[in-house]
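Peer 1: Below is a structure I'd like to ask you about.
Values quoted throughout were computed directly from the atomic coordinates according to the rules given, and no laboratory measurement underlies them. Every value quoted in this text rests on a predicted model; they were computed, and no experiment measured them. For neighbour counting, all protein chains shown are included, and Cβ atoms are generated from backbone atoms with ideal geometry for every residue, glycine included.
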Amino acid sequence: MKRIAVLASGNGSNLQALIDNLNVPDSPAEISLVVANIASAHALVRGRKAGIPTFFVPHEGREDRQNYETLLVQLLQEYETDFVCLAGFMRVLTYRFLNAFPYRVLNVHPALLPSFPGTHAPSQALRAGVKLSGCTIHLVDEGVDTGPILAQAAVPVLENDNADTLSARIQTVEHRLYPQAVRLFAEGRLRNKDKLFFLDGWSP
Ligand code: GRF
């Protein structure tokens, strides 16, 4: 049984999808720790409601990124974390954190990467006039949403969409795709060929 730490900053709907899908009998993994860096993050409520050890670790007042990440690493190691899922965690991680979990930090991004990395991806997609957007599950590296892509799902962009309607449509597929990818990852199905990575058994 793999132990997953989820890092979040906001609503935590992806955290909820992971809990609902993974913290069930016969799962290859469980969410065993939730950490948020924002006091008002609803993710904290969701973690506590699910009976999962849940911590608020503020980054404010800890201007030194490395110190902050050292704290996070200590906490995650204390809880014997096997791998990490970012779920709306609004901090870019450095090598200090990533070296503690090599190829073991996943993220969900609300666009078909490499298009529209960074913040406000649905708005970026609307401005560009693309007709398909979607979400991406990727491994995290030191860049902003630049790590190896593991899985993607597309949704249509409709003529009358605004950022909210498009985000909502993307989130619906995130909630399906992220748990699916995390399960495969937990089963040890990560493969790589040269610089490209795959989840064995994943299909769109
Ligand atoms: C998601 O849309 C995810 O793609 C992005 O941040 C959002 C988090 O939403 N990284 P939630 O907090 O999981 O509801």
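Peer 1: With a point put 7 Å past each Cα toward its Cβ, work out how far SER40 is from TYR95 in nm, to one decimal.
Peer 2: Between SER40 and TYR95, the simple spin-label model gives 3.7 nm.
Peer 1: Can you figure out the FRET efficiency of SER115 with ASP200, using R₀ = 41 Å and their beta-carbon distance, to the nearest 0.05?
Peer 2: That gives a FRET efficiency of 0.95.
Peer 1: Ok, one more. Counting alpha carbon pairs within less than 8 Å and at least 6 residues apart, what relative contact order, in whole percent, applies to the chain?
Peer 2: Normalised by residue count, the contact order of the chain is 19 percent.
Peer 1: Sticking with this one: Give or take rounding to whole Å, what are the principal axis extents of the alpha carbon atoms in the chain, in descending order?
Peer 2: 48, 39, 35
Peer 1: Okay, moving on. Could you line up PHE97, PHE198 from fewest to most neighbouring Cβ atoms inside 10 Å?
Peer 2: Sorted ascending by nearby Cβ count, the order is PHE198, PHE97.
Peer 1: How many Å³ per residue does the convex hull of the Cα positions in region 68-112 occupy? Intermediate values should be presented prior to the final figure.
Peer 2: Numbers: hull volume 3.7 nm³, N = 45.
Value for region 68-112: 82 Å³ per residue.
Peer 1: Just want to confirm a number: the relative contact order over region 76-180, from Cα pairs under 8 angstrom separated by 6+ residues, in percent.
Peer 2: 25
Peer 1: Now a separate question. Could you order peptides 173-181, 31-39, 158-166 by the average number of other Cβ atoms within 10 Å of their residues, highest first? Display every interim value, and only then the final one.
Peer 2: Working: 173-181: 20.3, 31-39: 22.1, 158-166: 12.2.
So the peptides 173-181, 31-39, 158-166, ranked by packing, come out 31-39, 173-181, 158-166.
Peer 1: Which lysines, if any, have their Cα less than 22 Å from the Cα of LYS49, not counting same-chain residues under 8 positions apart?
Peer 2: Result set, ordered by chain and number: LYS2.
Peer 1: For a quick check: with amide H placed at 1.01 Å from N, whose amide H comes under 5 Å from LYS2's, ignoring anything fewer than 5 positions away on the same chain?
Peer 2: Amide H to amide H, under 5 Å and 5 or more residues apart or across chains, LYS2 pairs with ALA29, GLU30.
Peer 1: Determine ³J(HN,Hα), in whole Hz, for all residues of region 8-18 in sequence, where each value follows from phi through the Karplus function 6.51 cos²θ - 1.76 cosθ + 1.60 and θ = phi - 60°; x replaces Gly and Pro.
Peer 2: 9, 10, x, 4, x, 5, 6, 4, 4, 4, 5
Peer 1: Please report how far the C-alpha centroid of region 14-28 lies from that of region 106-140, rounded to the nearest whole angstrom.
Peer 2: Result: 24 Å between the Cα centres.
Peer 1: Now, a different point. For the chain, take the longest principal axis of its alpha carbons; what is the angle in degrees between that and the long axis of helix 65-78, to the nearest 10 within 0 to 90?
Peer 2: On a 0 to 90 degree scale, this one is about 70.
Peer 1: Each label point is 7 Å from the Cα along the Cα-to-Cβ direction; what then is the distance between the points at PHE56 and ASN11, in nm?
Peer 2: 2.1
Peer 1: Right, next: Under a 5 Å amide H to amide H cut-off, with H placed in plane at 1.01 Å, what residues pair with THR54 once short-range neighbours are removed?
Peer 2: Correct list: VAL34.
Peer 1: Using just the helices of the chain, give the 222 nm mean residue ellipticity in deg cm²/dmol: DSSP H runs with n ≥ 4 each add -39,500 (n - 2.57), and the total is spread over all residues, rounded to 500.
Peer 2: Roughly -10000 deg cm²/dmol at 222 nm, from the helical runs in the chain.
Peer 1: For VAL130 and ASP26, compute 0.36 nm times the residue count separating them, minus their Cα-Cα distance, and round to one decimal in nm.
Peer 2: 33.4 nm
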